[in-house]
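Take a look at the structure set out below.
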There are 4 protein chains.
Amino acid sequence: MRILLSNDDGYFAPGLAALADALHDLGDTTVVAPERDRSGASNSLTLDRPLALRQAANGFHFVNGTPTDCVHLAVTGMFDHLPDMVVSGINHGANMGDDTIYSGTVAAATEGFLLGVPAIAFSLASKSATDFTAAAKVAHDLVARFIRDPFREPVLLNVNIPDCSTGDIRGVRLTRLGKRHKAEPVIRGTTPRGETVYWIGPAGQAADAGEGTDFQAVKDGYVSVTPLRVDLTHNGQINAVAEWLEV
Amino acid sequence: MRILLSNDDGYFAPGLAALADALHDLGDTTVVAPERDRSGASNSLTLDRPLALRQAANGFHFVNGTPTDCVHLAVTGMFDHLPDMVVSGINHGANMGDDTIYSGTVAAATEGFLLGVPAIAFSLASKSATDFTAAAKVAHDLVARFIRDPFREPVLLNVNIPDCSTGDIRGVRLTRLGKRHKAEPVIRGTTPRGETVYWIGPAGQAADAGEGTDFQAVKDGYVSVTPLRVDLTHNGQINAVAEWLEV
Amino acid sequence: MRILLSNDDGYFAPGLAALADALHDLGDTTVVAPERDRSGASNSLTLDRPLALRQAANGFHFVNGTPTDCVHLAVTGMFDHLPDMVVSGINHGANMGDDTIYSGTVAAATEGFLLGVPAIAFSLASKSATDFTAAAKVAHDLVARFIRDPFREPVLLNVNIPDCSTGDIRGVRLTRLGKRHKAEPVIRGTTPRGETVYWIGPAGQAADAGEGTDFQAVKDGYVSVTPLRVDLTHNGQINAVAEWLEV
Amino acid sequence: MRILLSNDDGYFAPGLAALADALHDLGDTTVVAPERDRSGASNSLTLDRPLALRQAANGFHFVNGTPTDCVHLAVTGMFDHLPDMVVSGINHGANMGDDTIYSGTVAAATEGFLLGVPAIAFSLASKSATDFTAAAKVAHDLVARFIRDPFREPVLLNVNIPDCSTGDIRGVRLTRLGKRHKAEPVIRGTTPRGETVYWIGPAGQAADAGEGTDFQAVKDGYVSVTPLRVDLTHNGQINAVAEWLEV
């Protein structure tokens, strides 16, 4: 069992160390992660410069690129065979609802999936969390289940874990992505040299956090598991758009 | 009619100038685009530094950020009202099939859509194209149709235009995204200082370019229009994953 | 007379346009400047990725690199012969005293000098200046003098121009670099996501702005011209350090 | 004795670890280094975005900025008192002759010096070196000498160490910076997407490597120590330029 690990918080992130520890006894793990924090990187791919691959003292590899670059380089350049799984995380903070499309953690898993490898992204659903113990156990158990009982079709899972102790996690729920209200406005500031600058504002509050969503599951103390697809075609609008186009 | 224009090739790109010219008589256009080429930026959002907004001699605004940053900053920071449309492009090169998730051009449109604005991404389906005339006419006509006959629900359209003269375009087709074969391996190189580096390789050949795909439409000389959705939940796998999880 | 122009404010900067206009009738000018604002870039050189060279609609070339990269690439890659001069600027803001070592404008000139080409850096000594007319005339006149009466040895000149009308400039002074008080402390801030960050603070006040310095000349309404050297050996300390080392 | 350590190869670099080990028993050491390899950064300072300061598992701090940013932030933002010394390195590769102005390792020391702190930059003069033992001993001994017998005036030393065993180092020489021949031309390449790009070429061969230079000392198996100054005024040309300017 060869497992490729990555994340978007950088190769030095505690959540990645916790994940590597948790999966250590489940197979042959290789870590290839960004050399710096690339939160918000989405599926971005570096096309205008080449990438360097280095190895840290602890054996982790790091790349001067995005999470997608890391998985792409590892799968198409480092290994003789496809890995059996790509596991990404454990992200420091939730990746739920609409935010999923901005996530580099989810993107690392997505790149594995697009390259033909089953993939799971794990996120600890709190920016203020400091203890990855419970999340690491969830990651271990889900990956162990996957090894014992492989899924019958290609799969890309997005897992969010509430920030509580192992004993307080109430179980696992199969969810759909919720929705957020529109983002907060940008925040205007001034540099010490007098230039106006704008920070991207915080994400909006959950708008659809109802029954069945990832927001609701985590709020209720459950691990949220959402299967994702990468084909962006909006099948439900095909007919309406065809009619509108008069084709 | 207020139209926000962006792209991922940078504010200096000829395709953006062609788009701005084409839409000029259809409404009040504002251009906010990246200060440098951000092809492959996907939906990445800049969270670790603030953004600067500047204006070029021709009136175009540019931002030291990603396509998503540009639209986000423009919509939540520059305007008093939501724009009526976000139009992105004209990209230099196709954005079809799986590649759509890496595209900054599509991402700029997606950000508009997520902020509640109907959005269209236009791409000229050839990296070697030099003439945007036909593509600009297609953009003009589709946006004019949208203004005349607004779509009844929120919509995000991905439009790819074959690289030929206006007279040789055979019409418009409603399509689904095709699929590519897995990507080519990374390409190993050496820097002048002796370090090994890796370029992300070219995209794979089309694997599903069959009837109904964007690949097929463009190959046949048609404009391809694909409605996209941004909810990544894989509804078709919900039951199977629930069963697998035993929940 | 072939003149290479660059700057550190970016190829779109008004000061560069003013310089190009001013020197247009003095020779064959080529502009190669950074694609984005690289103020503070010093002599940094891009070694971990290759550079792209593009051309804007107005004929200016731009490079995705530093001011030093621009001059290095232009001199060693674009031209068949060495240019006769490298002229950098007109910078928006002063480059005087200790700040000179941080300046990308001065660095662009320095790179020309290191490659064997006489070089001059021009700066308009006010961050709030909006009119480059007087500075452009100064640049024109000094370069014209250089063409008429070439300097007999390799030379690298740092020129700072007071922000006033041509009529109010009182003349030219030959100066040494002044000194600043130590820099102000970094300025602590918080991102919208709650992370602590630090802005580099403003430069300190002038400490040595006495007779003969660039600070004094500009304050008195004179153009300051300082010859620079790039050999950093501290000849005045050689003996004391030798003694200290007991060698 | 409080010693601030930095480098330009990144906080994860073996040369920095060797330096920290070597100086550990000489005082209270704090490491603040760039989060990624910033070789060639020169004195560049980050002015358009704020900096983040993080701490790695081994206690080293890292900053998403340049070597100059690291020292500036540490000295003006982290400490209550000025450190007693700034020590930079051990760089992987020489910093001799004209190359010194491009070096981030030397720049980190220079920033310390400009902020009023005595500073030394150490470089192991071989890109292929793998063993920092001898260089670390040299660093230890020079810093120990500095503590025992502080220099009577502000000092900035550039130290290059030959790549050999401790026993094969023949001693220490006080040197001036040598000179290189002009740089090699840029190296043209093509990206996998067909775009032309240019790598900065290797440095030129030594042109002045004669008696008294750093090049000669290291070639002869000696540690080279060069005192540097940061006032770039070319005093030797003041009169000639004044005459030329007719002032």
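The values are calculated or read from the model by the stated rules, or taken from the named source; none is laboratory data. All figures in this text were calculated on a predicted structure; none of them were measured in a lab. Using ideal geometry, Cβ is built from the backbone for each residue, glycine included, and neighbour counts are taken over all protein chains shown. Keep in mind that these areas ignore ligands, DNA and RNA; they rest on the heavy atoms of the full protein, side chains included. Shrake-Rupley method; radii C 1.70, N 1.55, O 1.52, S 1.80 Å.
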Under the convention of a label 7 Å out along Cα→Cβ, give the distances in nm from D:Arg193 to the same position in every other copy, shortest first. 2.5, 2.5, 2.9
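Share of antiparallel DSSP beta bridges in segment B:1-129, in percent to the nearest 5? Don't skip to the answer; put the middle values down first.
On the way: 3 of 19 bridges.
So the antiparallel bridges amount to about 15 percent of the total.
In chain D, which helices (entire DSSP H runs) extend 20 Å or more along their own long axis, judged by Cα positions, while averaging at least 0.0 on the Kyte-Doolittle scale?
Values: long enough: D:133-148 (22 Å, 0.51).
Qualifying helices: D:133-148.
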Under 5 Å between amide hydrogens, which residues at least 5 positions from C:Asn91 or on another chain qualify, with H placed 1.01 Å from N in the peptide plane? C:Phe122, C:Ser123, C:Leu124
Take the residue pairs A:Lys179/A:Lys219; D:Lys127/D:Lys182; A:Lys127/A:Lys219; C:Lys182/C:Lys219 and return only those whose Cα atoms are more than 18 Å apart. D:Lys127/D:Lys182; C:Lys182/C:Lys219
Backbone N within segment C:55-94 under 20 Å of label point (7 Å from B:Met78 Cα along the Cβ vector): C:57
Please find the FRET efficiency linking A:Glu195 to D:Gln55, where r is the Cβ-Cβ separation and R0 is fixed at 41 Å, and quote it to the nearest 0.05. 0.85
Point-to-point label distance, D:Lys127-A:Thr133, nm (Cα→Cβ direction, 7 Å offset): 4.9
Any chance you could list P(r) for the protein assembly as shown, counting all Cα-Cα pairs in 20 angstrom bins from zero, rounded to whole %? 13, 43, 34, 10, 0
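Compute for chains C and B the buried accessible surface, both sides summed, probe 1.4 Å, and express it in Å² to the nearest 100. Could the numbers behind the result be given before it?
Values: alone 13500 and 13540 Å², together 25900 Å².
So the buried area, both faces added, is about 1100 Å².
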Enter the per residue convex hull volume of chain A, computed from alpha-carbon coordinates, in Å³ rounded to the nearest integer. 188
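Just to confirm, what accessible area per residue do you get for segment D:1-88 at 1.4 Å probe, in whole Å²? Each step should come with its number before you reach the end.
Details: 2760 Å² over 88 residues.
Using a 1.4 Å probe on heavy atoms only, each residue of segment D:1-88 averages 31 Å².
Restricting to the protein assembly as shown, compute how many DSSP beta bridges are antiparallel as a %, nearest 5. Provide the component values of the computation, followed by the final result.
Values: 60 of 168 bridges.
In the protein assembly as shown, approximately 35 percent of DSSP beta bridges are antiparallel ones.
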If I compute solvent accessible area with a 1.4 Å probe over the protein chains, what percent of it on segment C:106-236 is carbon and sulfur? 50
I'd like the Karplus ³J(HN,Hα) series for segment C:188-195: coefficients 6.51, -1.76, 1.60, θ = phi - 60°, whole numbers in Hz, and an x wherever there's a Gly or Pro. 7, x, 10, 6, x, 9, x, 8
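Regarding segment A:13-100, what's the average projected area of the Cα-atom convex hull, expressed in nm²?
Details: hull surface 25.9 nm².
With every direction weighted equally, the projected area is 6.5 nm².
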If I model a spin label at C:Leu245 and B:Ala240 as a point 7 Å from the Cα along the Cα→Cβ vector, what separation in nanometres do I get? 7.1
Under 12 Å from the Cα of C:Lys137 - aspartates and glutamates, other chains or at least 8 residues apart: C:Asp21
Given the options B:Val87, B:Val223, B:Val186, which has the most mean-square fluctuation in a GNM of chain B, springs set between C-alpha atoms less than 10 angstrom apart? B:Val186
Whole-Hz Karplus ³J(HN,Hα) for segment D:179-185, in order, using 6.51 cos²θ - 1.76 cosθ + 1.60 and θ = phi - 60°, x for Gly and Pro? 10, 9, 5, 3, 4, 5, x
Provide an ascending nm list, one decimal, of label-point separations from B:Glu211 to the equivalent residue in each further copy; define each label point as 7 Å from Cα along Cα→Cβ. 4.1, 9.0, 9.5
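Only Cα pairs under 8 Å and at least 6 apart count here; give the relative contact order of chain A as a rounded whole percent.
Details: 532 pairs, mean separation 42.6, N = 247.
Normalised by residue count, the contact order of chain A is 17 percent.
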Expressed as a whole-number percentage, the relative contact order of segment D:49-196 with C-alpha contacts under 8 angstrom and at least six residues apart is 21
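What is the mean number of Cβ atoms from other protein chains located within 10 Å of the Cβ atom of each residue in peptide A:51-63, rounded to a whole number?
Details: counts 7, 9, 5, 6, 1, 2, 5, 2, 0, 0, 0, 3, 1.
Average per residue, whole number: 3.
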What's the minimum Cβ distance from chain C to the axis relating it to B, in whole Å, and which residue gives it? C:Arg36, 3
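Rounded to the nearest whole Å³, what is the per residue volume of the convex hull around the Cα atoms of segment B:127-211? All intermediate terms of the calculation are to be shown ahead of the outcome.
Working: hull volume 15.1 nm³, N = 85.
About 177 Å³ per residue, rounded to a whole number.
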With the label 7 angstrom out along Cα to Cβ, how close does B:Asn235 come to the same site in each of the other copies, in nm, nearest first? 0.9, 8.0, 8.1
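Show me the GluC sites (Glu not before Pro) within segment B:153-247 that DSSP assigns to loop and that have at most 13 other Cβ atoms within 10 Å of their Cβ.
Values: sites: B:Glu195, B:Glu211, B:Glu243, B:Glu246; in loops: B:Glu195, B:Glu211, B:Glu246.
For GluC sites (Glu not before Pro) across segment B:153-247 that sit outside H, G, I, E and B with at most 13 neighbouring Cβ atoms in 10 Å, the list reads B:Glu211, B:Glu246.
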